[in-house]
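**Student:** I have a structure I would like to understand better, so I am pasting it below and will then ask my questions one at a time.
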Amino acid sequence: MRRHCSFHLLQIILILCCLVLSTSAFCQSEFKGKVTNESGVPLAGVTVTIKDSKYSSISDSSGNFILSTTFTSGTYIVSCSHKGYKTVEQHFAISEGTNADLLVTMKIDVLNMEEVIVTGNAIYTARKTLGNAVSTINADEVKYAGTSNMSGLMNGRIMGGYVVQNSGDPGGGFSLKLRGVGSVYGSSEPLYLIDGVVMDNGSQNMVNLNLGANTRFQTGNNRLIDINPHDVDRIEVINGAAAAAIYGSRAANGVVQIFTRKGKKGKPEVVFSSSINYNSLGSRIEVNEYPFRFGKAQKPRLDSLGDNRTMIFQTRGKDTTDHPGEGPRSYSGLLDTTRYPVTRYDYQDMIFNPAWGTDQYLSVSGGGDKASYYLSGSYLDNGGIIRGTGFSRYGLKLSSTYQLNDWVKIGAGLMYANSESEEKPTTWLQFSPIGAMSHTDNVYEIDQRDPAGQLMKVEHTWYNPLSSIETHELNVETNRTIANANISLSPWKGFNFSAIFGMDSYSQQGSAYQARVPYTNVSLNLFPDGYVSESKLNYQQWTTDIAASYTTPLGKSFSSATVAGYSGQYLRSEYLAQEGRNLLPFVKTMKAAQNLFNPTDERQSEQTIWGYFLQETIGYKDYFYINLAGRFDGSSAFGSEVGTVFYPKAGITFTLSELGFWKNAKLSSWFNTLHLRASYGKAGNLTGLGAYDRFTAVPPITYYTGGFVPQNRLGNENIRPEVKTEWEGGADMQFFKGRLYGRFSLYHQQIDDMVIPLTWAPSNGYYTKLDNLGSMYNKGFELMTGGYPVKNKNFSWEISLLYNRNQNKVTSLSTGTNYIGFEGVNQGAVVGYPVGSFYASYFARNDDGTLLLKDVNGYLLPQAEKGDPVENQPQRDVKGQPIGTPINKVLGDPNPEYTATLVNELRYKNLRLRIQVDRVAGMEMVNYTHIIRNNIGNGKLAEKELRGELTRGWVAAVGGQITGPVIWEAAVQDASFTKIRELSISYQWNGIKAINGMEFILTGRNLFTITSYDGYDPETNSAGQSIVRGNDVGNYPIPRVIQFSIVTKF
Amino acid sequence: MKITTLFFAIVFCTGILSCKKTFINPNAPEIDPLLKTPEGMVQLLVGIKNRFAVNSNYGNGAVFNSITANGFSSNEINLKAGGNQDFGQLAAGRNTIATNNVVLTELWSNCMLINNYSTMLLDNVDQVAQDSGMKINILKYAYLYKALSIGMLANYWKEFPVSTGTNASFVSKDEGLKRAISFLETAVLLPTKSAPPEYSVYFGSEINVNNTCNALLARYYNMLGDSIKAVEKASKVILNNRSVFIYNAQNTNPLYRSGYTFVFGYTPKGGFGLPASLAPSPADARIAFYLVPQGPQGQPPGFGFGKTDFDSIPIFLPGEMLLIQAEAYVRRNDLINGKKFLDSVLRKKNVEDVFRVGANLPAYSGPLDSASLMKEIYKNRCIELFLSGMKLEDGRRFRRPGPTDPNSERTRDWYPYPLVERNGNPNTPIDPTN
């Protein structure tokens, strides 16, 4: 297939030929000097540049620097910049052949206002000129974080960011939301760029093809896992539409820009990092320990269909006609009240095991006056706490830059990763390890084996939970390459032309194999006859970004920066999968399958997105800036009637503390910096819109002769991206020379034209139509504050707090609809409530809030509320009992009210202690596992009923077997938690001779969780990275990780 | 120099600016081109048939949802295990059934979709089919599917739309059946002519369209209480001619896969779920056919018309035609003929039946009065037509004890209207209480 956004090799060669021809000559001179802070302490690692030239240097550990190159006589501006300090510019005169000796003093700026931020693929701006907050993460922190996933690193380090680890799988999926949920149907994940190249962070289902109808679920790894965090220099996070307008139709959820490491001028630096980690189950769930079961004593294993499956919430089954129970009347008959003794087991010891992991990394980097290079290789292998799971990754990275002459710079980067994920069936499936464990009463000795060494059946129709571990082999292998080439031309002062071309390409192969189960009479949907699947995915995304900028002073006090650019993206994917069952023995490939029960699934997709933008920034002195920008966007996914979409942006900033009156006031002695900012902007979201969703498709089927099958969904040639409009305001403040600092933002996001599959009246002849309907908003507050209670030469103590608060509310859906449910779950978008709210049946209650019980042949049992479905109001009959149809209400919200992170960092000389505590609060989770486990009998509520502490039939009534439908309210639980997320102790040894330094780090991650939630982990989510949040169906708990690393520099 | 370089850079970039603006979906065609060719039309007919017959990624087939809903509400099946909310609601019945019940919503929507696509075929066939055999067959099948979708709705809802469109108006069940009858009458009146061989394969041979139209006419006239027409149509049906929905490895029998062998599925009730007064004779050979688990070697067993992945599901049974005639004669007070047709069902050996459904019992020996005969006819409908989606309607027509009566034999008379219909169509009538 041909690429549709192409560039030609010949053109590149032509340009390069032109570039190398231009040269010029200068004399040799030297700038040298020393950089210190206000207290005279030398500063290492300061970037010293001669302004408007290509010359730069970095200060050494004693603060000294040398710029030994060619200069003509004249006055130069030397600029010194360093993270955490205010940039200093000093004028120096130099004459040919002489050397200059400088002393530069830098002032603390903990807010990093001078930090250069990339605000558009090729546009660089100082933070202080931006009307919005931008978070920057120093990726070096990863060595203290105890995670091998970039997303894990971002946890608790982003203003307005909410990072969730959805699964405890070693390659477990993470999701990141910036300022709340951004979409009802599409994804709320931000746009990711790596070195200016748009990269995919999707989660492809490669090995759980039998997941069935819940196709919007996105479980498994998110593809950010292919990036080795050690290769990353820093991450910049742009939170909302106000800042992201210039990125266009895919940026409404914010933008995360990853910048990889580059070689620095100087001696080659070799870094070797090696770590080992131990993963274990953080907390266990409590299981039924009461050694009795309801019913009649029977065989220890229920092999044949004639045996009675006793579940606490159902009748025995077959012989109930002759020997009915004596308890409350359920839909299947009278429940048993008699009990018989059994042995109760705890299966957790057989499902989980502690696991080890290791992470090795080696890099070589360096550079000269003209060129720099960076090379690295890495290997990661991590074991999962569920038996038989693991993740490994090999990575290679190469990048280099070359200064062709004094106005042309080129660069290129290449990253390759090979990762392999060993998994077990995903959580939602009944035959996943925890799913199967939850679905089996804990009265069987599941690890007992027959003489042939095979596992044995526990109950007919059902699965031995250990079979989920022993018969399933799921593997996903990914090969990924991300490449970029860039060129920057600065032919004239103030003018720059730059272009980035890049490609993100990966191929995935998923193989699932499930052996035949060695026992009979298992339900066919559990694939007792064996199962095999193969899937392949090829994904490619091309990015082209071109920008021309012109910066010029306007008179004495004003300055202008103009940027015009073009951005084009081309996406292509091809997916192919086949499933088979009824396997021949010994063979683990598709060839074993005697029954290819589903037709081959193949999906191809191609899409282009393009946009043109223009941005103008006017500055007054260095404390007042106005920024205006706009972008026109088009895409092949937009309806043919739509054309282009316009995204405007405006920002204003004002550094009050730079004004004369402030500087002269007494106030300035302790209130050092006050920077105010405000911005407005729009950006689009295309994630809810597939490449071909605008068409009314009639897909082919293999039903006998073959044909085309009518679909529920009508196409829409007017479909366009969702639009987020955002207002943001905030301030950055610094007190007591950086001993105390704070930064906050307030925002309001209005999301309109939400892409929603409108559920029509089916009598329209179609069932759904994708349309731009509905609105919602996010409003919130984010704060980052901190300070140094103690700070002296040998000892410092820094406290910092990150606090994000967001409120989401759906304000309208389509006409006449107040609720749009997500597929397969009891949650969705409810007008007046946050997206994803649980909307389900609830307990009928008396006016005083106590449960309104129903008398079922003498047993007083809870029941679901009933009433008028149109008004959705409860109704009572003459006896005061609920009457009407079962009704639903909003029972909870999976979006947290706030997230907070408290970090304490103590340093004594070279010893460092860092403790990060995360609190996520004010959200609920729907614990399906809780309902399942009690219905089956292994839960604690079931235990209470067995012990007689709860009325017989209570579990069955909640489980929908006696008094009405399942009462889902019982499953909705508060999921607030406080976690000791990271605790690290490190020691830096300065090294001798060839060794430039060694750091020893002991880290604990997810050490301890305080929560009232009764599942494994309130952070996880069965629906993975999808829009469906707060679901617990056999979720894999997040392991407790202890890691020891040594980082050596040569 | 700089100018030249920049010039080249810009020239180079203009090459990039040419992005392709539209792509054709390679995965699936749009509906319009399909309606413009004869191949497309017959291939759509295959798809319509698929939406009736098969449970696939696109949703559960109407046949499965109809049999399941009917089975739960008329006491034919037992829920296997909890966990499936929608089945659970149907099993509990009465006002436990929520208006967003997936089985009912899907059944309703599926029938509407089939109606819509059949109508599109009917509306476009004149412009497309040059060959008269082609045209006749497209018309016959499109009318058949449209009528069948309406007939399915008539089993479960008191009122429903028969023409799809914005804010579609509802007609009564009887009115709907009359419309279905008019489509079927039109179809049977069309001359019989075969389509060109290259297309006839798409129509398939598993459904005899004229025979099925007559059978459905008999069924619907009987539902309307028109006993004269019911007998007339039923007597035209060739009883040893099968018309079925067919299945293969990739389009499996939904009763077997999603019902009997599904962990949260269902199993038939013992004694056909009939009350003691209607208990089947232990000698009834249909017990072996419908209630004894049978299945492929090494796999969980199924029942009746869902014993394997490959079992066909009949659109009508010969026994139904006989029982319609028995019922119609008794309703016309012709007890002799009524008994004659009842006996032909009772005495039918399974080898004599094209589907191997046979009672192999002695002739009816009870009192020769209308009430007793009707009771026996009802009982035999429950057994002969077990799990065919007919029992709810039969229970109403034979005035068996309803949901609020003592010893009720069904948990609903009519289903509530799906919430999605109510939300999008102001003409949706109020929900029946039972």
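**Student:** Taking beta carbons within 10 Å but only from partner chains, what does the mean come to for residues B:292-304?
**Tutor:** Working: counts 0, 1, 0, 1, 2, 0, 6, 7, 11, 2, 1, 0, 0.
Average per residue, whole number: 2.
**Student:** Then there is this: If you take the beta carbon distance between residue B:354 and residue B:169 as r and set R0 to 45 Å, what does 1/(1 + (r/R0)^6) give as a FRET efficiency, to the nearest 0.05?
**Tutor:** Values: r = 40 Å, r/R0 = 0.90.
The computed FRET efficiency comes out at 0.65.
**Student:** OK, next. Can you compute the label reach from residue A:337? Point 7 Å from Cα along the Cβ direction, backbone N cut-off under 18 Å, restricted to the stretch A:853-878.
**Tutor:** It comes to A:854-862, nothing else.
**Student:** If you take the charge dipole of chain A about its Cα centre, with +1 on Lys and Arg Cβ and -1 on Asp and Glu Cβ, which of A:964, A:546, A:699 is farthest toward its positive end?
**Tutor:** A:546
**Student:** Go through B:377, B:57, B:424 and say which Cα lies farthest out towards the positive end of the charge dipole of the stretch B:3-424; charges sit on Cβ, +1 for Lys and Arg, -1 for Asp and Glu.
**Tutor:** It is B:377.
**Student:** Here's something else I'd like to know. Translational D (Stokes-Einstein, µm²/s) of the stretch A:110-172 at 4 °C and 1.567 mPa s when Rh comes from the Kirkwood sum over C-alpha pairs? If you can, show how the numbers build up before the last one.
**Tutor:** Working: Rh = 13.7 Å.
My calculation gives 95 µm²/s for D.
**Student:** Step by step: find N for the stretch A:835-994, compute 2.2 N^0.38 Å, then divide the Cα radius of gyration by it. What's the final number? Don't jump to the answer; show the numbers that get you there.
**Tutor:** Details: Rg = 24.2 Å, N = 160, 2.2 N^0.38 = 15.1 Å.
Compared with the compact-globule rule of thumb, the stretch A:835-994 sits at 1.60.
**Student:** For labels at residue A:921 and residue A:590 in the simple 7 Å Cα→Cβ model, what's the distance in nm?
**Tutor:** Here the answer is 5.4 nm between the modelled labels.
**Student:** Something else: Run the numbers on the stretch A:737-871 and let me know its relative contact order in percent, using alpha-carbon pairs under 8 Å that are six or more apart.
**Tutor:** Working: 254 pairs, mean separation 21.3, N = 135.
Relative CO of the stretch A:737-871 lands at 16 percent.
**Student:** While we're on this one: So what does the Cα-only Debye profile of the stretch A:500-574 read at q = 0.13 Å⁻¹, as log10 I(q)/I(0), no solvent term?
**Tutor:** One equal scatterer on each Cα of the stretch A:500-574 leads to -0.68.
**Student:** Then there's this: If you put +1 on each Lys and Arg Cβ and -1 on each Asp and Glu Cβ, how big is the dipole of the stretch A:791-867 around its Cα centre, in Debye rounded to 20? All intermediate terms of the calculation are to be shown ahead of the outcome.
**Tutor:** Values: 7 positive and 6 negative charges, 97 e Å.
Roughly 460 debye, rounded to the nearest 20.
**Student:** Also, quick follow-up: Just to confirm my numbers, what's the Cα centroid distance between the stretch A:827-896 and the stretch A:214-267 in Å?
**Tutor:** Their Cα centres are 43 Å away from one another.
**Student:** Now a separate question. What whole-number value in cubic angstrom gives the convex hull volume per residue for the C-alpha atoms of the stretch A:582-664?
**Tutor:** Working: hull volume 18.5 nm³, N = 83.
Once divided by residue count, the hull of the stretch A:582-664 is 223 Å³.
**Student:** Ok, one more. Treat every Asp and Glu Cβ in chain A as -1 and every Lys and Arg Cβ as +1, leave all other atoms uncharged, and give the resulting dipole magnitude about the Cα centre to the nearest 20 debye. Before the final figure, lay out each step's value.
**Tutor:** Numbers: 96 positive and 95 negative charges, 424 e Å.
Dipole of chain A, to the nearest 20 debye: 2040 debye.
**Student:** Under a Cβ-only charge scheme (Lys and Arg +1, Asp and Glu -1), can you give me the dipole magnitude of chain B about the Cα centre, in debye to the nearest 20?
**Tutor:** Numbers: 44 positive and 36 negative charges, 48 e Å.
For chain B, the charge dipole is close to 240 debye.
**Student:** Given the rule -39500 (n - 2.57) for each run of at least 4 DSSP H residues, summed and divided by the residues of chain B, what is its mean residue ellipticity at 222 nm, to the nearest 500 deg cm²/dmol? Spell out each step's value before the answer.
**Tutor:** Numbers: 17 runs with 217 residues, N = 434.
Mean residue ellipticity at 222 nm (helix-derived): -16000 deg cm²/dmol.
**Student:** Using the scaling law 2.2 N^0.38 Å as the reference, what is the normalised Cα Rg of the stretch A:651-788? Before the final figure, lay out each step's value.
**Tutor:** Details: Rg = 26.0 Å, N = 138, 2.2 N^0.38 = 14.3 Å.
Compared with the compact-globule rule of thumb, the stretch A:651-788 sits at 1.81.
**Student:** Determine, for A:185, A:463, the number of other Cβ atoms within 10 Å of each Cβ, and report the residues in order from fewest to most. Please report the intermediate quantities before stating the final value.
**Tutor:** Numbers: A:185 22, A:463 27.
Arranged by neighbour count, lowest to highest, A:185, A:463 become A:185, A:463.
**Student:** Here's something else I'd like to know. Which of the residue pairs A:879/B:158; A:588/A:979; B:20/B:146; B:80/B:140 have a Cα-Cα distance greater than 32 Å in the structure shown?
**Tutor:** Numbers: A:879/B:158 30 Å; A:588/A:979 42 Å; B:20/B:146 42 Å; B:80/B:140 40 Å.
The answer is A:588/A:979; B:20/B:146; B:80/B:140.
**Student:** Return a whole-number percent for the relative contact order of chain A, with Cα pairs under 8 Å and 6 or more residues apart as the contact set.
**Tutor:** 12 percent
**Student:** Taking every pair of distinct Cα atoms and averaging 1/r, then inverting, what Kirkwood hydrodynamic radius in Å comes out for the stretch B:263-392? Provide the component values of the computation, followed by the final result.
**Tutor:** Numbers: mean 1/r = 0.0652 Å⁻¹.
For the stretch B:263-392, the Kirkwood estimate is 15.3 Å.
**Student:** Show me A:873-883, A:482-492, A:687-697, A:852-862 ranked by packing, highest mean number of other Cβ atoms within 10 Å first.
**Tutor:** Result, highest mean Cβ count within 10 Å first: A:687-697, A:482-492, A:852-862, A:873-883.
**Student:** I've got another one for you. Let me confirm one metric for peptide B:416-424, namely the mean number of other chain beta-carbon atoms within 10 Å of its residues' beta-carbons. Before the final figure, lay out the partial values.
**Tutor:** Values: counts 2, 2, 4, 6, 8, 6, 4, 11, 12.
Shielding by partners across B:416-424 averages 6.
**Student:** Which entries of B:49/B:348; A:107/A:663; B:229/B:349; A:779/A:809 show an alpha-carbon separation above 19 angstrom in the structure shown?
**Tutor:** Working: B:49/B:348 31 Å; A:107/A:663 15 Å; B:229/B:349 28 Å; A:779/A:809 9 Å.
Over 19 Å apart, Cα to Cα: B:49/B:348; B:229/B:349.
**Student:** So if I average 1/r over every pair of distinct C-alpha atoms in the stretch B:3-424 and take the inverse, what Kirkwood radius in Å does that give? Numbers along the way, then the final one.
**Tutor:** Values: mean 1/r = 0.0436 Å⁻¹.
Over the stretch B:3-424, the inverse of the mean reciprocal pair distance is 22.9 Å.
**Student:** Write down the radius of gyration of the stretch A:896-948 and its Dmax, each obtained from C-alpha positions, in Å.
**Tutor:** 20.8, 62
**Student:** Another question about this same structure. Enumerate the aspartates and glutamates that residue A:909 could reach by cross-link, defined here as Cα to Cα under 17 Å, with residues fewer than 8 away along the same chain left out.
**Tutor:** By straight Cα distance, residue A:909 reaches A:798, A:999.
**Student:** Need the full-extension length gain, residue A:847 to residue A:799, defined as separation in residues times 0.36 nm minus the C-alpha distance. One decimal, nm.
**Tutor:** Values: separation 48, 0.36 × 48 = 17.28 nm, distance 4.81 nm.
Going from the current span to full extension adds 12.5 nm.
**Student:** How large are Rg and Dmax for the stretch A:309-446 when only the alpha carbon atoms are used, in Å?
**Tutor:** Expressed in Å, the Cα Rg and Dmax of the stretch A:309-446 come to 29.7, 97.
**Student:** Please work out the Cα center distance from the stretch B:175-228 to the stretch A:140-189, rounded to the nearest Å.
**Tutor:** 60 Å
**Student:** With a point put 7 Å past each Cα toward its Cβ, work out how far residue A:105 is from residue A:369 in nm, to one decimal.
**Tutor:** 3.4 nm
**Student:** Something else now. Quick check: the angle from helix B:62-73's long axis to the longest principal axis of chain B, C-alpha only, nearest 10 degrees?
**Tutor:** Long axis of B:62-73 versus the principal axis of chain B: about 40 degrees.
**Student:** Does anyone have the angle between helix A:9-20 and the longest principal axis of chain A? Alpha-carbon axes, 0 to 90°, nearest 10?
**Tutor:** Tilt of helix A:9-20: around 30 degrees.
**Student:** Per 10 Å bin, what is the whole-percent P(r) computed from every C-alpha pair distance within the stretch B:12-144?
**Tutor:** Going out from 0 Å in 10 Å bins, the stretch B:12-144 shows 11, 29, 22, 17, 13, 5, 2, 0 percent.
**Student:** Ranking request for peptides A:436-444, A:584-592, A:597-605, A:953-961: highest mean number of other beta-carbon atoms within 10 Å first, then the rest in descending order.
**Tutor:** With the highest mean Cβ count within 10 Å placed first, the list reads A:953-961, A:436-444, A:597-605, A:584-592.
**Student:** Of all DSSP beta bridges in the protein assembly as shown, what percent run antiparallel (nearest 5)?
**Tutor:** Numbers: 389 of 408 bridges.
Beta bridges within the protein assembly as shown, antiparallel portion: roughly 95 percent.
**Student:** Counting partner chain Cβ atoms within 10 Å of every residue's Cβ in B:59-66, what's the average? Could the numbers behind the result be given before it?
**Tutor:** Details: counts 5, 1, 0, 0, 0, 0, 0, 0.
Taking all residues of B:59-66 together, the mean is 1.
**Student:** Which distance in Å, rounded to a whole number, links the C-alpha centroids of the stretch A:1024-1050 and the stretch A:929-999?
**Tutor:** 16 Å
**Student:** Along the charge dipole of chain A, which of A:246, A:430, A:42 sits closest to the positive end, that is, farthest toward it, with unit charges on the beta carbon of Lys, Arg, Asp and Glu (+1, +1, -1, -1)?
**Tutor:** In chain A, that residue is A:42.
**Student:** With contacts defined as alpha carbon pairs under 8 Å and 6 or more residues apart, what's the relative contact order of chain B in percent?
**Tutor:** Dividing the mean separation by the residue count of chain B yields 18 percent.
**Student:** I've got another one for you. Give me the three principal axis extents of the protein assembly as shown from the C-alpha atoms, as integers in angstrom, largest value leading.
**Tutor:** 129, 77, 64
**Student:** Next up: Let me understand the stretch A:623-688 better: what is its radius of gyration from the alpha carbons, and its Dmax, in angstrom?
**Tutor:** Over the stretch A:623-688's Cα set, Rg and Dmax evaluate to 20.0, 63 Å.
No lab work stands behind these numbers, since they all come straight from the coordinates. Treat the numbers as computed from the prediction; the structure is a model and nothing was measured. No Cβ is skipped: glycine too gets one built from the backbone with ideal geometry, and neighbour counts run over all protein chains shown.
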